[in-house]
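The values are calculated or read from the model by the stated rules, or taken from the named source; none is laboratory data. Treat the numbers as computed from the prediction; the structure is a model and nothing was measured. Using ideal geometry, Cβ is built from the backbone for each residue, glycine included, and neighbour counts are taken over all protein chains shown.
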Amino acid sequence: MSVPLPHTQHFSTALRGSIFGHRAEIAKRLRAGDALILVPDPPGVDEPAVWVHVRGGDVVGHLAPDVNAWLVPWLLDGGRCRATVAKINSEETESWKRIIIDIRCGDPRSR
């Protein structure tokens with residue numbers, strides 16, 4: 001899977017960090033098509049990330065640093081995205097490639 005170019009409107013990416021703490025139990029409940037919520041770190045964080053939450057608010061993971069580099073500032077500038085679970089690979093798949101999500105971004109200028 002390649003890193004999406006900055007400001008790509010539709011892309012798929014792996015969910016990272018889904019095996020830590022209670023996230024593993026939350027991740028086991030995910031199904032393809034489930035809606036997700038993307039929340040960027042606030043301004044001032046040294047290495048900001050986009051955190052992925054399930055409905056209800058529980059954190060299930062985060063996006064890769066290459067995606068965070070352009071998506072965090074874009075979201076903080078008013079950009080909005082819709083995210084859903086695209087695919088869940090087997091338990092034998094490396095954890096950082098196990099859950100694939102689809103992200104659709106809207107144009108922040110259309111606010």
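If the condition is being closer than 16 Å to Ala86 by Cβ, part of a loop (DSSP other than H, G, I, E, B) and either touching a helix residue (DSSP H, G or I) at 6+ places or on another chain (Cβ under 8 Å) or modelled with pLDDT under 85 (or both), then the range 1-14 contributes Met1, Ser2, Pro4, Thr8. In the condition set (1) in contact with a helix residue (DSSP H, G or I) (Cβ under 9 Å, 6 or more places away or on another chain); (2) over 21 Å from Arg104 (Cβ atoms); (3) free of Cβ contacts under 8 Å to residues at least 40 places away in the same chain, Gly17 is compliant with all but (3).
Scanning the range 19-67 for residues that are surrounded by fewer than 16 Cβ atoms within 10 Å (Cβ to Cβ), at pLDDT 90 or above and under 14 Å from Arg98 (Cα atoms) gives Arg29, Arg31, Ala32.
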